[in-house]
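Visitor: Before I ask anything, let me first share the structure, which is written out below as structure tokens.
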Amino acid sequence: MGGLHLRGTLLPAGSPRDLFIVGGRITLEDIDDAVTISEGGWITPGLVDAHAHLAMASPGSPATVDEAVRASAAAQLAAGVLLVREPGSPAGHAADDLGTGWPRTITAGHFLAPPGRYFPGLAREVDEASLPAAVAEEARAGGWVKIVGDFLDDEGHVTPNWSETSLVDAAAAAHEAGARITMHATVPASIEEAIEASFDAIEHGHGATTDHLRAMAVAGMAFVPTLLISDYIREQTTELPLHPTDRATWLREVDAHMGVALAAHDAGVAVYAGTDAGAVDHGLVASEIALLRDAGLTGAAALAAGSWAARTWLGLPGLEEGAPADLVVFPDDPREDPEVLRRPSLVMLDGVVR
């Protein structure tokens, strides 16, 4: 029958055992003639970057969208990231299906924003009346839809982009199409609107209050805080025409954002590791997991946010019978030392060592 064999400590269970790979899938049944390729170490389900924009900020400034997406995906793969959630792209669904040998991708199509209410060239611009139809179109394949919830107004204040009614209709359109819907939300009013409209997740969420987090927990909403872009946001406070009061608010909230991530976790909100790659380099999910740990999550909870829990949230299995053999082996326990995540000893996707 053939196949491959690995022995190590399986996470999250934390117990040593044998894994066998046959036909690109995991089996826990012994295969007598399997070739051993790894012994010892810690075997983790493939890492996940739950917020990355593959068409943006790719290494080497590739000339085409396809080259950009693949360069970004290559950086993610080298870091052991085998699943990427792309909540919005200026290239729409360009990263939908990269094919064999590339990280699995779950995309949200285009960013959706009102005319003039997001960074130029990044979003598909739609008015409120057209929003539900645009959501339904971007929701193809039952994936995700991303709404830009707030942006700068003419006076430099960050204000909501949509009425509550339009967001309710947008969420209904996404759910009717079998998709989930998320919001780029940085001010309390936008977060409040997303909760009231029954969105499925919040991205960034710097302005989230304790009441918001409690409501998100009750509603089963997820939170992707993207802690890694804190320095990028600080830079933006000097580059964007922010009103002085908003600039001060941004700086205060970014300094407090790790506390928001911990408070969300403690409130029962599912928190996931997303880097916002595009604003930063691709392949840095280990840094985001380390920041979640620095925020106060346990080592296991922080790693789960960028591995097995995130995979479950996005509909993929971990290390179980019949699952695709998407896994990473580390020389030491990554729950104890997040720096271990930066040096995988083996990366396997679909049963093939990469």
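Visitor: Is there any pair linking a residue in segment 279-299 that is assigned to a helix (DSSP H, G or I) to one that is among the β-branched types (Val, Ile, Thr), with Cβ under 8 Å and at least six apart or on different chains, and which?
Guide: Val285/Val48; Val285/Val81; Val285/Thr275; Ser287/Thr275; Glu288/Thr226; Glu288/Thr275; Leu292/Val271
Visitor: Looking at (1) crowded, with 24+ Cβ neighbours inside 10 Å; (2) part of a strand (DSSP E or B), find the lone condition where Gly8 falls short.
Guide: (1)
Table: residues versus (1) at pLDDT 95 or above; (2) surrounded by fewer than 24 Cβ atoms within 10 Å (Cβ to Cβ); (3) aromatic (Phe, Trp, Tyr).
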{"residue": "Leu112", "(1), (2), (3)": "yes, no, no"}
{"residue": "Leu122", "(1), (2), (3)": "no, yes, no"}
{"residue": "Asp127", "(1), (2), (3)": "yes, yes, no"}
{"residue": "Gly142", "(1), (2), (3)": "no, yes, no"}
{"residue": "Ile147", "(1), (2), (3)": "yes, no, no"}
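Visitor: Which ones in segment 305-336 are assigned to a loop (DSSP other than H, G, I, E, B) and of a type in the set (A, V, I, L, M)?
Guide: Leu314, Leu316, Leu319, Ala323, Ala325
Visitor: Which of the residues that make up segment 2-58 are of a type in the set (A, V, I, L, M) and under 30 Å from Gly109 (Cα atoms)?
Guide: The answer is Leu47, Val48, Ala50, Ala52, Leu54, Ala55, Met56, Ala57.
Visitor: If we keep just the residues of segment 268-294 that are in contact with a Leu (Cβ under 9 Å, 6 or more places away or on another chain) and surrounded by fewer than 18 Cβ atoms within 10 Å (Cβ to Cβ), which is nearest to Asp49 (Cα to Cα)?
Guide: Per the stated criteria, the residue is Asp294.
Visitor: All but one of (1) over 30 Å from Ile233 (Cβ atoms); (2) open to solvent by 10 Å² or more (accessible area, probe 1.4 Å); (3) not acidic (Asp, Glu) hold for Leu349; state the number of the condition that does not hold.
Guide: (2)
Visitor: Right, here's the next one. Conditions first: (1) surrounded by 23 or more Cβ atoms within 10 Å (Cβ to Cβ); (2) farther than 21 Å from Val224 by Cα; (3) under 17 Å from the mean Cα position of the chain (by Cα); (4) not hydroxyl-bearing (Ser, Thr, Tyr). Ala50 passes all but one, so which condition is the exception?
Guide: Of (1) surrounded by 23 or more Cβ atoms within 10 Å (Cβ to Cβ); (2) farther than 21 Å from Val224 by Cα; (3) under 17 Å from the mean Cα position of the chain (by Cα); (4) not hydroxyl-bearing (Ser, Thr, Tyr), only one is false for Ala50: (2).
Visitor: Another question, if that's okay. Pick out, from segment 153-263, the helices (runs of 4 or more DSSP H) lying fully within it that include 3 or more residues that are in contact with a helix residue (DSSP H, G or I) (Cβ under 9 Å, 6 or more places away or on another chain), buried (at least 21 other Cβ atoms within 10 Å of the Cβ) and modelled with pLDDT of 95 or more.
Guide: Hits in segment 153-263: 164-176, 188-196, 210-219.
Visitor: Being open to solvent by 80 Å² or more (accessible area, probe 1.4 Å) and either closer than 24 Å to Asp97 by Cα or of a type in the set (S, T, N, Q) (or both) is the filter here, so list the residues in segment 129-140 that pass it.
Guide: Residues satisfying the conditions are Glu137, Arg140.
Visitor: Could you please let me know if Glu339 is at pLDDT below 95, out of contact with any His (no Cβ under 8 Å at 6 or more places or on another chain) and not in a loop (DSSP other than H, G, I, E, B)?
Guide: So Glu339 passes the test.
Visitor: Another question about this same structure. Please indicate, with yes or no, whether at least one residue in segment 19-31 is in contact with a helix residue (DSSP H, G or I) (Cβ under 6 Å, 6 or more places away or on another chain), in contact (Cβ under 8 Å) with a residue 60 or more places away in the chain and open to solvent by less than 30 Å² (accessible area, probe 1.4 Å).
Guide: no
Visitor: Filter segment 79-108 down to the residues that are buried (at least 20 other Cβ atoms within 10 Å of the Cβ) and under 17 Å from Ala325 (Cβ atoms) and list them by number.
Guide: Gly80, Val81, Leu82, Leu83, Trp102, Pro103, Arg104
Visitor: Search segment 86-112 for residues that are more than 16 Å from His184 (Cβ to Cβ) and pair each with any residue that is among the hydroxyl-bearing types (Ser, Thr, Tyr) when their beta-carbon atoms are under 8 Å apart and the residues are at least 6 apart or on different chains.
Guide: Note: pairs meeting the criteria are His93/Thr107; Ala95/Ser89; Ala95/Thr105; Ala95/Thr107; Asp96/Thr105; Asp96/Thr107; Asp97/Thr105; Leu98/Thr105.
Visitor: Where residues in segment 320-346 are open to solvent by less than 10 Å² (accessible area, probe 1.4 Å), touching a Ser or Thr at 6+ places or on another chain (Cβ under 9 Å) and of a type outside the set (A, V, I, L, M), which of them is farthest from Ile289 (Cα to Cα)?
Guide: Phe330
The values are calculated or read from the model by the stated rules, or taken from the named source; none is laboratory data. Every value quoted in this text rests on a predicted model; they were computed, and no experiment measured them. Methodologically, a virtual Cβ is constructed for each residue, glycine included, from the backbone with ideal geometry; neighbour enumeration extends over all protein chains shown. For accessibility, only protein heavy atoms count, side chains too; no ligands or nucleic acids. Shrake-Rupley method; radii C 1.70, N 1.55, O 1.52, S 1.80 Å.
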